1. Kyte-Doolittle cut-off 0.0, length cut-off 27 Å along the helix's own axis using Cα: show which whole DSSP H helices in the chain pass.
2. Relative contact order for the chain using alpha-carbon pairs under 8 Å, separation at least 6, rounded to a whole percent?
3. So what is the 222 nm mean residue ellipticity for the chain from helices alone, if each DSSP H run of at least 4 adds -39500 (n - 2.57) and you divide by all residues, rounding to the nearest 500 deg cm²/dmol?
4. With labels modelled as points extended 7 Å from the Cα through the Cβ direction, what inter-label distance (nm, one decimal) is found for T157 paired with N52?
5. Can you return the aspartates and glutamates within cross-link range of K46? Criterion is Cα-Cα under 18 Å, with same-chain partners fewer than 8 residues away left out.
6. Would you list the P(r) distribution for the range 43-172, with all Cα-Cα distances sorted into 10 Å bins from 0 and each bin expressed as a whole %?
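Laboratory data are not the source of any read-out in this text; all were calculated from the coordinates shown. This one's a predicted model, so the numbers in the text were calculated from it and none came from an experiment. As a convention, Cβ positions derive from the backbone with ideal geometry for all residues, glycine included, and neighbour counts pool all protein chains shown.
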Amino acid sequence: MVRYNWTCNACGLGNEPNSSICKNCGCEAGASAEEVEKHNDPEGFKKKQFKNSFQKDLGQLLFLPFSIVLVTFTGRLVFAALIILSIFSLLKFQKKLLSFIFSDLWLRKVIMAASIGMALLLMVRIVFIPDDSVLVIWLSVGIVLGLAIAYLLLFKTSKGKLAFERYYQGSS
């Protein structure tokens, strides 16, 4: 219970003491920024949360071939176990996302090109370029640049946004 005059964070209306819910919009007095966003636009909030999850899952897919190459050439069995767990979780919990990706030609091409490109750069680095070479820096820059391009293609271009919208509509 609030014991002073307070202003609602959602609608901006002043409220009387001893009330913990806004008389205008029903938002709670101590609502956080996230709660206010959820209160003002529930569908937009849900979509934003879904998009964050979508981006995280696609990022995991992008790094899977990269990780496999790393484990293969370094022989780190602990990482191999993590990759196996990642693949298992993807197959078990992300069936809908995987089937969507394989049904969307553009999305499939971007993810595969970025993933395979990064994995190939890493493979070239491990196999052909010694640790003290200047080319190590250039390949690192190439990997980072590849990630930036993949991010822009997947999340900032009109085709990427359209792919997300189709996935969101199919999941709602």
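1. Numbers: long enough: 42-74 (47 Å, 0.04); 105-128 (33 Å, 1.83).
Both cut-offs are met by 42-74, 105-128.
2. 16 percent
3. Details: 7 runs with 122 residues, N = 172.
So the helix-based figure for the chain works out to -24000 deg cm²/dmol.
4. Once both label points are built, they end up 2.7 nm from each other.
5. Cross-link targets: E34, E35, E37, D57, E165.
6. Taking every Cα pair in the range 43-172, the percentages come to 11, 38, 32, 15, 3, 0.
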